[in-house]
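I have placed the structure first, in the form of structure tokens, so that the comments after it can refer back to it.
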Amino acid sequence: MLNRRQLLLYIAATTLASHRMVRADEQAPVRIGITPVFQTERTSLIRDWRDYLERHLERPVQFEQSNTYRDIINNLLARRLDFAWICGLPYVTNRSRLQLTAVPLFQGKPLYRSYLIVPIRDTATNTLTDLRDRVFAYADPDSNSGFLVPRFQLIQQGIDPDTFFRKTFFTSGHRNAIEAVSVGLAGGAHVDGYVWESMQRFNPEITRATRVVTRSREFGFPPLVAGPTVSATLNSQMGDVLLGMGSDPTAASLLDRLNLDGFTSGDPAAYEDIAEMAHTIGAFRHVP
Amino acid sequence: MFRDLSFRYKIPLRGTVLILITSFAITAALIFRAYDDLKQDLIANAEGLAGVMAHTLVPAILKDDIWHAFEIVRTPFSAAALTRSSLQAQNILIINNDNNIYVASDPERFQMHSPLTTAGAEFALLEQQLRQNSDATSQVLDLPQTEHLYVTTPIISDKVRLGTLVISYPREGFTPRFVRFAGRAAIATLIVLGALLPLSWYWGTRLADPLVKLAGCLGRIGRESPDNLHCDLYESKDEIGQVGTRFKAMLHELQIKQSLEQQVIATERLAAVGQLTASIAHEINNPLGGMLNTISTQKRYGHNDAMTDKTLALLERGLLQIKDTVSALLVEARQSSRDFGPEDMDDIRTLITPDIQRQQAKLKWDVRVGTVPLSASLIRQILINLLLNAVKATPSRGRVFCRVTTDTRKLVLHICNSGEPIPEKQMSHLFEPFVHYRADGNGLGLWVCYQIVTQLGGTIEAANRDDETCFTATIPIPS
């Protein structure tokens with residue numbers, strides 16, 4: 001026969017247990033937006049990452065993707081998403097309403113560079129200014145490496161980026177920009193160095209047709225951020241899971257496929273450069 | 001050259017030529033049809049593709065989303081689509097209303113924003129066409145002296161023309177399919193030819209064979225005797241069969257005619273010989289009688305010495321021998337005699353019995369005759385001559401057959417003997433005088449028989465049949 005205290009403990013335990021189970025099943029999923037800051041078409045990788053996060057957060061996780069950074073930012077700000085992996089530029093633009101969750105570590109550092117690439121047969125181009133009157137591909141109007149960096153460079157040299165090229169177009173992502181250059185649709189593009197290096201590893205047949213002309217200085221790596229409504233608890237929970245991946249042997253293959261070394265908590269100050277550039281050229285919102 | 005060729009080759013050759021012409025014509029028609037189908041296929045495919053693509057391109061062009069437009073025009077070139085069809089577009093271009101390139105599946109070659117005319121001579125030609133026909137419909141441009149077919153489709157959004165979609169197909173793109181088809185058609189033709197040509201040769205040869213035989217047989221007429229012409233001719237009621245039948249009939253008539261001619265010639269010759277012999281005999285008989293009379297008178301009244309008597313006797317014997325011979329030649333059928341009757345037959349049998357016994361031959365006697373109003377001595381002479389000949393001709397222990405029959409109009413004497421047949425060469429001179437076939441004959445027996453029978457208005461003939469030789473004399477009985 002159970003005494004009262006034992007009974008209470010039992011009830012508490014079962015209630016807690018069932019409550020946990022109910023919460024795991026019925027809780028609204030964590031919605032994470034992903035942008036073409038990495039190779040978004042790698043569906044199996046995203047599934048595996050989702051499953052990993054579900055296991056460690058003990059609640060459902062949903063990844064949502066879009067071809068443009070703008071959609072993801074808007075959804076994040078409109079609270080249709082909880083987290084998003086976005087570029088440094090939209091982060092600094094909207095940082096008053098966003099919380100930094102984690103920053104990926106690429107080649108050991110939370111930093112990356114922007115690469116100027118041209119088709120492999122173009123052996124004459126040495127700088128961006130050699131591409132005058134050519135067709136130039138931008139990854140996304142909200143991309144740091146794929147839009148802000150080349151425009152900033154031109155403006156610094158007193159060149160109007162809107163008339164410098166014969167024609168510019170957006171490719172909805174770095175991968176497409178690299179492909180546009182590799183097939184010769186564009187004469188050049190500025191792309192995320194992390195994406196180019198990842199493709200060099202996983203799709204060398206595309207990068208082989210391109211040549212990296214210059215590499216920019218280092219910028220803060222595109223961060224994972226939490227939207228305005230995400231509780232500090234969930235944010236730190238998510239941050240812990242992501243940061244734990246680096247030391248978790250079960251996450252090793254996932255990180256390898258992401259071509260990352262892990263995640264770090266990140267420092268908002270690392271994106272100051274981008275903010276300054278954006279401020280300098282006053283190009284927060286520019287669509288040609 | 002061909003005209004002189006035998007039908008044996010001419011008919012099969014003509015058949016072969018016909019078969020070849022027919023098979024090549026059918027194959028050519030099929031191949032032409034396949035080419036046309038292929039082209040229609042291509043056009044239908046291309047128009048379908050162009051229609052879908054033009055529709056899909058509208059939002060991308062409206063938003064000036066070059067990357068999206070590029071992805072759309074590049075879709076048909078994905079690896080999966082490439083392996084599926086040999087009718088593969090070579091280039092897909094979007095050109096704007098100023099005929100500048102908006103985007104192309106091969107951006108290296110077709111630089112964005114450059115005029116279409118810079119893409120090569122063919123595209124300059126194409127641009128000219130596009131300027132001329134700016135209809136808002138899809139069309140297939142099959143321009144002469146170009147290596148491609150072009151399908152152009154306007155890209156239209158709410159009645160506003162945004163540009164034109166151009167899809168080019170290399171003409172050689174359907175060559176492999178066409179070659180494959182032509183190869184299959186050629187193999188089928190060869191198989192058909194392989195079956196038909198031997199058949200045609202067989203039928204042709206069968207058709208020509210009777211003609212060739214007929215021609216060969218006709219060719220032998222004149223060179224060979226009709227009796228020896230044994231032609232194995234084709235028998236049917238078709239034209240060649242009819243010709244063959246007529247030919248056989250003609251050959252038969254020719255044989256009859258020739259044997260008739262031979263008979264006539266032999267008869268005429270015998271008649272001439274008979275006439276000549278008779279007149280010579282008469283001419284000899286008259287002086288002969290005088291000479292014999294003179295010798296007789298001299299012997300009887302001339303008081304001759306021994307030497308003269310001996311000489312006269314020698315002369316007389318010689319002259320008598322001449323007289324005998326001449327008498328034998330001079331067959332006189334006008335001898336008056338009693339009528340021939342059964343008792344004559346008995347006499348004849350008695351007369352030849354010693355000869356039959358000497359030869360140990362077997363005599364078969366079949367005589368059914370009464371008294372007939374014919375000279376007994378003449379009929380006896382004929383019968384004895386023929387029977388003695390028969391006995392001499394039959395080998396030891398042979399057979400001799402004698403049949404004499406009569407009716408109201410004729411007397412038939414039929415004498416046969418077993419033994420070697422009379423050679424063909426002797427047959428035609430059988431009844432001529434002084435024709436010796438045996439060492440002991442004077443060569444006049446059959447001559448005499450022939451003369452008597454002929455003078456009595458009858459016929460006599462000899463025939464070899466099986467292993468016996470028969471003589472048949474048919475003598476009309478005067479009424």
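Values quoted throughout were computed directly from the atomic coordinates according to the rules given, and no laboratory measurement underlies them. The model shown is predicted, which means the values in this text are computed figures rather than measured ones. Please note: Cβ atoms are built from the backbone with ideal geometry, for glycine as well, and neighbour counts cover all protein chains shown.
Quick notes
- Peptides B:102-111, B:318-327, A:142-151 ranked from most to least packed give A:142-151, B:102-111, B:318-327, packing being the mean of other C-beta atoms within 10 angstrom over each peptide's residues.
- Built amide H within the under 5 Å cut-off of B:Leu162, gap 5+: B:Ile155, B:Ile156, B:Ser157
- Exposure proxy ranking, count of Cβ atoms within 10 Å, fewest first, for A:Leu76, A:Leu100, B:Leu143: B:Leu143, A:Leu100, A:Leu76
- Selection from A:Gln153, A:Ala139, A:Val212 lying farthest towards where the dipole of segment A:114-216 points positive, charges on Cβ: A:Val212
- Take the convex hull of the alpha carbons in segment A:190-288; its mean projected area over all directions comes to 9.2 nm².
- Sequence-distant residues sharing a close amide H with A:Ala102 (under 5 Å, placed H): A:Leu224
- Residue-wise HN-Hα coupling along segment A:200-208, computed from phi with Karplus coefficients 6.51, -1.76, 1.60 (Hz; x: Gly, Pro): 4, 7, 9, 10, x, 5, 8, 5, 4
- The P(r) of segment B:336-463 has a tail past 23 Å containing 31 percent of all C-alpha pairs.
- Between helix A:174-183 and chain A: long-axis angle, C-alpha atoms, 0 to 90°, nearest 10: 40
- Per-residue average of Cβ from other chains inside 10 Å of A:169-181: 3
- Charged side chains reduced to their Cβ positions (Lys and Arg at +1, Asp and Glu at -1) give segment A:118-234 a dipole of some 260 debye around its Cα centre.
- On Cα atoms only, tilt of B:121-132 relative to the major axis of chain B in degrees: 70
- For segment B:377-388, 3J(HN,Hα) per residue [Karplus equation, 6.51 cos²θ - 1.76 cosθ + 1.60, θ = phi - 60°, Hz, x = Gly/Pro]: 5, 5, 5, 4, 4, 4, 4, 4, 4, 5, 5, 5
- Near B:Ile221: Cβ cut-off under 14 Å, other residues only, Lys/Arg at +1 and Asp/Glu at -1. The net charge is +3.
- The magnitude of the dipole of the protein assembly as shown, with charges of +1 and -1 set on the Cβ of Lys/Arg and Asp/Glu and taken from the Cα centre, is near 1140 debye.
- Orientation-averaged projected area, Cα convex hull of segment B:7-178 (nm²): 12.8
- From helices alone, chain A scores -12000 deg cm²/dmol at 222 nm; the rule is -39500 (n - 2.57) for each run of n ≥ 4 DSSP H residues, then divide by the residue total.
- Close amide H pairs (under 5 Å, H built 1.01 Å from N) link A:Thr168 with A:Phe136, residues at least 5 positions away or on another chain.
- 0 to 90° range, to nearest 10: angle between helix B:342-359 axis and chain B longest Cα axis: 80
- Around A:Asp273: net Lys/Arg minus Asp/Glu count, Cβ-Cβ under 14 Å: -1
- Averaging the sequence gap over all C-alpha pairs within less than 8 Å and six or more residues apart, then dividing by the number of residues, gives chain B a relative contact order of 10 percent.
- Principal semi-axes in Å for the protein assembly as shown [√(5λ), Cα gyration tensor, largest first]: 144, 34, 21
- Cα lying deepest toward the dipole's positive end in chain A, options A:Thr43, A:Ala252, A:Leu89, charges on Cβ: A:Thr43
- Placing unit charges on the Cβ atoms of the charged side chains and taking the dipole of the protein assembly as shown about its Cα centre, the candidate lying farthest along the positive direction among B:Ile322, B:Thr371, A:Pro60 is B:Thr371.
- 3J(HN,Hα) from dihedral phi, segment B:240-252, Karplus parametrisation 6.51/-1.76/1.60, rounded to Hz, x for glycine, proline: 5, x, 5, 4, x, 4, 4, 5, 5, 4, 4, 4, 4
- Isolated cysteines in chain B, defined as those with no second cysteine Cβ under 4.7 Å, comprise B:Cys402, B:Cys449.
- Peptide B:62-71 has a mean of 5 when you count, residue by residue, the C-beta atoms of other protein chains within 10 Å of its C-beta.
- Net charge dipole size for chain A [Lys, Arg +1 and Asp, Glu -1 on Cβ; Debye, nearest 20]: 340
- Other residues with beta-carbon under 14 Å from the beta-carbon of B:Ala462 carry, at +1 per Lys or Arg and -1 per Asp or Glu, a net charge of -3.
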